[in-house]
Amino acid sequence: MLHTASKLIAAVTLLAVVTPAQALTIFACEPEWAALSRQLAPEAKVFSATHVYQDPHYIEARPSLIAKLARADIAICSGASLEEGWMPALQKRASNRKVADGAVGMLYLSEHVETIEKHEKEFFSTEHVHPEGNPHFHLDPERIQQLAPVISNRLQQIDPDNKESYQQALEAWQVRWQENLVRWKAMAEPLKGMPVVVQHTSFSYLLNWADIKVVADLEPNPGVPPTMSHLQSLVSTVEQQRPQFVISNWYQNDKGARWLSEQTGMAHANLPATVDLKGEVSDLTKLFDHLLQQLTVQK
């Protein structure tokens, strides 16, 4: 009897030794943070609530998303009101204290980075008018460099037993990112001062970083679809300023951009505004490579 008990205790002890620790579950509001989390926490289970073909302002609080958030150890979101139309509903229905506002597991990255294009809400307000600033700061590689340690430090707070692993992953990422920054700056050098027309402010951070000049926006106001009268008024601007191309992103209706391109002969660049987790532009390095290559080709 004692012999049997001893074997049972030994088996349980061995199981405890060989069974790996439970991996963190990360709920990313946007694909860019899912992609970055996968590099900073390779062992974690990472889920993105949105994808490259979705406007992250408009997401339905579906049961599948509620279930994912309910099981999350940490939620990583852009903030700056980008998710205000759907994240509060998810948090309420998921009833997960780990990712409630104010909890260590709820990370709004806009609180840790300087934003641009702060707007006061006026009569034409839409979900695209952000008093806290433009939330698409993931398209500035230097801001990404600032935010990677923020994410890593938060992961270390939540999962201190694996602190060393997170630190090693961050250090390796930083070396690679710095090398890429040097290369991207060289790629962006010929683009300085180049005039462009945009559709919405999705790429503002990238254009600012590359010192590309925005001469017009297809949207008469933030988040308001292009009207024919506004598009027609831009024809003279294009003729005077001679921009290289008009930029839209994959989740937008680019009918207005294509019309202006056809009317003026200006090139149209339809670009991904975030990573495509299931496609060729599957991480942030590939995204910046693709964007800068496309802008260079258009030039």
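The values are calculated or read from the model by the stated rules, or taken from the named source; none is laboratory data. None of these values were measured; they are calculated from a predicted model. Heads up, the Cβs are rebuilt from the backbone with ideal geometry, glycines too, and the neighbour counts pull from every protein chain shown. Remember, those area values only see protein heavy atoms, side chains included, never the ligands or the DNA or RNA. Shrake-Rupley method; radii C 1.70, N 1.55, O 1.52, S 1.80 Å.
Just a few scattered comments:
- Subset of segment 110-152 that is at pLDDT 95 or above and open to solvent by 80 Å² or more (accessible area, probe 1.4 Å) - its residue that is nearest to Glu30 (Cα to Cα): Glu111
- Tallying residues that are assigned to a helix (DSSP H, G or I) and farther than 18 Å from Phe203 by Cβ within segment 219-235 yields 7.
- In segment 36-46, the residues that are more than 13 Å from the chain's Cα centre (by Cα), of a type outside the set (Lys, Arg) and outside any loop (DSSP other than H, G, I, E, B): Gln39, Leu40, Val46
- Those residues of segment 55-69 which are surrounded by fewer than 17 Cβ atoms within 10 Å (Cβ to Cβ) and in a helix (DSSP H, G or I), in sequence order: Pro63, Ser64, Ala67
- Options Trp250, Trp209; residue that is modelled with pLDDT of 95 or more and more than 16 Å from Thr296 (Cα to Cα): Trp250
- Checking every residue in segment 236-250 against the condition of being in contact (Cβ under 8 Å) with a residue 60 or more places away in the chain and outside any helix (DSSP H, G or I) gives at least one match.
- Residue list for segment 85-101, filter: in contact with an Asp or Glu (Cβ under 8 Å, 6 or more places away or on another chain) and either among the small types (Gly, Ala, Ser) or within 10 Å of Ile59 (Cα to Cα) (or both): Gly85, Trp86
- Members of segment 270-299 found to be open to solvent by less than 10 Å² (accessible area, probe 1.4 Å), more than 20 Å from Trp33 (Cβ to Cβ) and either modelled with pLDDT under 95 or not aliphatic (A, V, I, L, M) (or both), listed by number: Leu295
- Residue count for segment 153-175, restricted to those that are open to solvent by 40 Å² or more (accessible area, probe 1.4 Å), more than 30 Å from Ala186 (Cα to Cα) and out of contact with any strand residue (DSSP E or B) (no Cβ under 6 Å at 6 or more places or on another chain): 8.
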